[in-house]
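Asks: Shown below is the structure under consideration.
The values are calculated or read from the model by the stated rules, or taken from the named source; none is laboratory data. No experiment lies behind these values; they were computed from the predicted model shown. Every residue, glycine among them, receives a Cβ derived from its backbone with ideal geometry; neighbour counts consider all protein chains shown. Just the protein is used for accessible areas: all its heavy atoms, side chains included, with ligands, DNA and RNA removed. Shrake-Rupley method; radii C 1.70, N 1.55, O 1.52, S 1.80 Å.
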Amino acid sequence: MSPTAPGPPRALARLQLHAGFTLDDAADQVDYYASLGVSHLYASPLFVARPGSSHGYDVIDYHRINPELGGEPALRRLVERLRTRGMGLVLDIVPNHMFAGPGNAWWTDVLRHGRASHYAGYFDIDWRSPDPLVRGHVLLPILGKPYAQALRDGDVRLVQEARDYALRVHDVPLPLATSTMESLRGAGEPSTVLAAHDAARESGFRALHALLEQQHYRLALWKLANDTVDYRRFFDINELAGLRMDRTRVFEDSHALVFKLYAEGLIDGVRIDHVDGLADPHRYCRQLRHRLRRLQRQRPADAPRGPAHVVVEKILAEGERLRPAWRMDGTTGYEFMDQVGALLHDGAGEDMLTELWQAVSGEHADFATVARAARRQILVDSFEAELDRTARALFDAARADVATRDVSLPAIRRVLVELLVHFPVYRTYAGGLGRDAIDEAVFQQAYARARRHVRIEDRELLAEVAAWLGGQAPRGLPPGRVRQARERAMRIFQQATSPMAAKAVEDTACYRYGRLLSRNEVGADPGHLALDIPTFHALCEERAREYPHNLLATATHDHKRGEDARARLAVLSQAAVAPHWAGAVGQWRARNASLRLLVDDTPAPSAADEYMLYQTLVGAWPLQLAPDDPRGLDAFLERVAQWQRKALREAKRRSRWSRPNEPYEEACERFLAALLAPGNDFATALHAFVQRIAAAGAANGLLQAALRLTTPGVPDTYQGTEFWDFSLVDPDNRRPVDFDARRASLAAETSWDALLQDWRRGPLKQRILRELLQLRARHPALFARGAYRPLAVEVDGQPCERLLAFERRLEDESVVVLAVRHHVHVLLDVAVPRWDAQATTALAGRCRLHGMAAARYRNVLGGQEQAVDGATAPHDWLSPLPVAVLERT
């Protein structure tokens, strides 16, 4: 008899599936994750994606499970295995966009039939382009050369495929319009037809061009995409076309398999990717929740009977909250990653780090200024087409009303740019009723900031635009052109702000501002270095009240550096370390000056790029890598070089994806290779510095893991991070996981002392995860619904700023968590990261913890047990680890 099916997720384990790691491979790891204490696997998108996709976000068919992953039979085998261990499955879904290319039958049909296609309304295409050449067509910016040259060089050609005709651009097949196909079929023998369209001859060039003019698409040079593309993209990726998920037909068609899988008990929840890209996230989320609730009664007896677990991928700015009206269980946890990361940092070192960054880089702007500059650049470099589309939508709204018909498009564009540059959140959610109070407060911030930067003569127009974008409710207007134009302008504007913000902040500013890279993470504000304990407590209490099933993430498939790399770099913020870091950087820059090359009469790498490289080397250096290990250094070099190339292009200063500066990139790579070359003592110096802070970094990592598994929410463990995670940005963070090593480690009955002695390999972290996941399994209701209560910690009657203490309680169940932060002075230069009363005087003896219920407690991370009557000495529990989790026995 199978175990009872799981209820709401207790703990997730995220797996990235692809042809190299299929659903059957995932099934092979079910026993491992069950033994670890996970309740649900959490799968990357499973629907048919672009052939060879490594992530599944480039969907081409929503109606089938990807055969590269094993198809639906493999999914059923995985779920059967999960059910035997009492586990469930949560699925990542991608409603915002699809891959716009071969294999996508919907997109192909649009290219073949144009606006007459059944699927023309599925994609967010602007058929009203101001360019007469493009109007009524889909612009395909896929040519590697200018149009005429591409035709003459044979990059675009007519071919015969399966006894019919098609176009090929390089190796990409494109369908022909039905009328064109019929004309070609009646034009004679295929060989004659193909020869007549051979652009190597002038007559063939004219014939091929004439044939292309008859299609429902227009071919263009790829570099024109950012200026002229006429369909909504995912960020600035031409191959990912946005969907009109606000249309019921599109919603139902693209979610039919999701609903089938849920009704049959094959999935138990979903993660909604990029919810802010949708036209109406509020409507979409409520619609999805409603449909899933209706399907609950159809689920089989061995499937959970409770509501589906549904979370959204959403970046929340400081002070922003997820809307309760969406009826979601929460977000995917980026805000927790920001909060716990900031908690590990020490505000005492902020000024020193700021001065060091400014002195080395010569850049004095704060992060907010850097981000605004990035937004302004991105609008022109990457989102000119989206900016133009939004401005034209507003222009249409102006022209629709006789009172504003004298407003010009250039003026609208000017005020729009300032609004977008100064927008404080990713997006607002105004609808027919206009902006609610939350959105109005946000918009007023953007309006006030924009007003200081627009021309004086444009300020009145800025106020008008603010009204058109939801300040005045469209439903308050009479039905007709004005109302329709306002609603369209709002929709386009709100869908534009999110990708622009993400591209400017996450993918540009975070690669430019290098004060401390551990804070340059998705969902974080690099301008805010540290978080105090009372604020962290308040955020946890709020989450327990509002979103107790919110995901808690510290590593994802999108992170910029691994959770333990960030934890190690956080050590540099401590006042005891920052001066040593500054000294090391000064020595390294002087020592390595001769390795820099000149490119266009400027050093390569630049001072800022070199400083960020040193941080990356310190954060990502593997714990077991020796400086005289040539093979290990080569592997490390390859990983860091891949990161460096991406970082240089994302920063968009000396290089970029659209125009790679190969001489500069090559010079930077040669500099990196020289740093780690045999015979160069820099690797030895780097290794020595890492060893000084490694134990403190590891202690930070253990604290971070413990808080993820004990604070309110559902912990999400990203694949492989049960061991130390010093990964870099993708694709490095998606490398294959050595599950054999993790299974063997989990099966071994190793003492805590042995784990501490061998802490560099990673089983110590895995053991902590296992113990805490098993604790959650013993107390599912406590962690799902239990209160979060801060506990007072005092030293000689004063609050202790270094010891975090809280209780999770539900009725007579209680778990108390004690954690020490900022303890580098204890762990600096130590070989084994032990914490005990003899190691420091800060907490020994004089520190008291108040508010615990009178009971007997056992530390699940060490085993010590004792009775407590209201107060206890933390140092009695904090040995040998800097964190203790006390289970009431």
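Asks: Starting from region 725-745, take each residue that is under 16 Å from Gln29 (Cβ atoms) and list its partners that are assigned to a helix (DSSP H, G or I) and open to solvent by less than 70 Å² (accessible area, probe 1.4 Å), counting only C-beta distances under 6 angstrom and pairs at least six apart or across chains.
Replies: The qualifying pairs are Arg743/Tyr32; Ser745/Pro763; Ser745/Gln766.
Asks: Here is a further query. What pairs come out if I take residues in region 104-128 that are on the phi < 0 side of the Ramachandran plot and hydroxyl-bearing (Ser, Thr, Tyr) and pair them with residues that are open to solvent by 10 Å² or more (accessible area, probe 1.4 Å) and in a helix (DSSP H, G or I) whose C-beta lies under 6 Å away, six or more apart or interchain?
Replies: The qualifying pairs are Ser117/Asp109; Tyr119/Trp106; Tyr119/Asp109; Tyr122/Trp106.
Asks: Being of a type in the set (Phe, Trp, Tyr) and closer than 12 Å to Pro175 by Cα is the filter here, so list the residues in region 211-228 that pass it. Spell out the reasoning first.
Replies: Of the residues in region 211-228, the ones of a type in the set (Phe, Trp, Tyr) are 217, 222.
Result: Tyr217, single match.
Asks: Which residue out of Leu151, Leu91 is in contact (Cβ under 8 Å) with a residue 24 or more places away in the chain and under 30 Å from Gly37 (Cα atoms)?
Replies: Going through Leu151, Leu91 in turn, the sole match is Leu91.
Asks: Against the condition open to solvent by 10 Å² or more (accessible area, probe 1.4 Å), without any contact (Cβ under 8 Å) to a residue 40 or more places away in the chain and hydrophobic (A, V, I, L, M, F, W, C), how does Ala685 come out, does it pass?
Replies: no
Asks: Any idea which residue in region 458-516 is farthest from the chain's Cα centre (by Cα), counting only those that are under 30 Å from Met352 (Cβ atoms) and not in a helix (DSSP H, G or I)?
Replies: This residue is Arg515.
Residue by residue, here is whether (1) under 27 Å from Tyr664 (Cα atoms); (2) crowded, with 24+ Cβ neighbours inside 10 Å; (3) among the hydrophobic types (A, V, I, L, M, F, W, C); (4) out of contact with any helix residue (DSSP H, G or I) (no Cβ under 6 Å at 6 or more places or on another chain) holds:
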| site | (1), (2), (3), (4) |
| --- | --- |
| Arg491 | no, no, no, yes |
| Arg512 | yes, yes, no, no |
| Pro526 | yes, no, no, no |
| Arg543 | no, no, no, yes |
| Thr554 | no, yes, no, no |
| Asp564 | no, yes, no, no |
| Arg568 | no, yes, no, no |
| Ala575 | no, no, yes, no |
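Asks: While we're on this one: Take the residues in region 298-314 that are in contact with a strand residue (DSSP E or B) (Cβ under 9 Å, 6 or more places away or on another chain) and more than 20 Å from Leu552 (Cβ to Cβ); name whichever of them is modelled with the highest pLDDT.
Replies: Top of the filtered list is Ala303.
Asks: Restricting attention to region 289-308, which residues are of a type in the set (A, V, I, L, M) and either open to solvent by 90 Å² or more (accessible area, probe 1.4 Å) or on the phi > 0 side of the Ramachandran plot (or both)?
Replies: Passing the criteria: only Ala301.
Asks: While we're here: In the list Arg809, Arg776, Arg834, which residue meets the criterion of being closer than 25 Å to Gly347 by Cα and either at pLDDT 95 or above or crowded, with 19+ Cβ neighbours inside 10 Å (or both)?
Replies: From the options Arg809, Arg776, Arg834, the qualifying one is Arg834.
Asks: Another question, then. Output the residue which, of all residues in region 123-167 that are assigned to a strand (DSSP E or B) and among the charged types (D, E, K, R), is nearest to Phe493 (Cα to Cα).
Replies: Arg157
Asks: Given Val425, Val415, which one is among the β-branched types (Val, Ile, Thr), open to solvent by less than 40 Å² (accessible area, probe 1.4 Å), over 30 Å from Ala578 (Cβ atoms) and under 26 Å from the mean Cα position of the chain (by Cα)? Give the steps one after another, and end with the answer.
Replies: Details: Val415 fails: under 26 Å from the mean Cα position of the chain (by Cα).
Going through Val425, Val415 in turn, the sole match is Val425.
Asks: Every residue in region 154-167 that is free of Cβ contacts under 8 Å to residues at least 12 places away in the same chain and open to solvent by less than 20 Å² (accessible area, probe 1.4 Å), please.
Replies: Ala166 - this is the single residue of region 154-167 that is free of Cβ contacts under 8 Å to residues at least 12 places away in the same chain and open to solvent by less than 20 Å² (accessible area, probe 1.4 Å).
Asks: Now for a different question. Among the listed residues Ala359, Ala348, Ala325, Ala371, identify the single one that is in a helix (DSSP H, G or I), small (Gly, Ala, Ser) and buried (at least 20 other Cβ atoms within 10 Å of the Cβ). Step through it out loud before you land on a result.
Replies: Numbers: Ala359 fails: buried (at least 20 other Cβ atoms within 10 Å of the Cβ); Ala348 fails: buried (at least 20 other Cβ atoms within 10 Å of the Cβ); Ala325 fails: buried (at least 20 other Cβ atoms within 10 Å of the Cβ).
Among Ala359, Ala348, Ala325, Ala371, only Ala371 is in a helix (DSSP H, G or I), small (Gly, Ala, Ser) and buried (at least 20 other Cβ atoms within 10 Å of the Cβ).
Asks: For region 286-303, check the following and say yes or no: at least one residue is assigned to a helix (DSSP H, G or I), within 30 Å of Leu111 (Cβ to Cβ) and not charged (D, E, K, R).
Replies: Looking for residues that are assigned to a helix (DSSP H, G or I), within 30 Å of Leu111 (Cβ to Cβ) and not charged (D, E, K, R), one finds at least one in region 286-303, hence yes.
Asks: A further question follows. Residues in region 71-86: is at least one open to solvent by 40 Å² or more (accessible area, probe 1.4 Å) and of a type in the set (A, V, I, L, M)?
Replies: no
Asks: Let me ask something additional. Tell me which residues, restricted to region 168-193, are surrounded by 15 or more Cβ atoms within 10 Å (Cβ to Cβ) and over 47 Å from the mean Cα position of the chain (by Cα).
Replies: Once the filter is applied, which keeps residues that are surrounded by 15 or more Cβ atoms within 10 Å (Cβ to Cβ) and over 47 Å from the mean Cα position of the chain (by Cα), region 168-193 yields Ser183, Leu184, Pro190, Val193.
Asks: For Ala705, work out the one condition from (1) over 17 Å from Tyr33 (Cα atoms); (2) within 23 Å of the chain's Cα centre (by Cα) it doesn't fulfil.
Replies: It fails just one condition, (1).
Asks: Given the criteria part of a helix (DSSP H, G or I), modelled with pLDDT of 95 or more, of a type outside the set (Gly, Ala, Ser) and surrounded by fewer than 15 Cβ atoms within 10 Å (Cβ to Cβ), does Gln339 qualify?
Replies: Judged against the criteria, Gln339 is not a match.
Asks: Mind listing whichever residues of region 644-678 are open to solvent by less than 20 Å² (accessible area, probe 1.4 Å) and of a type in the set (A, V, I, L, M, F, W, C)?
Replies: Ala647, Leu648, Ala651, Ala667, Cys668, Phe671, Leu672, Leu675, Leu676
Asks: Mind listing just one residue for me: the one in region 779-806 that is open to solvent by 40 Å² or more (accessible area, probe 1.4 Å), assigned to a strand (DSSP E or B) and out of contact with any Leu (no Cβ under 9 Å at 6 or more places or on another chain) and, of those, nearest to Arg743 (Cα to Cα)?
Replies: Arg789
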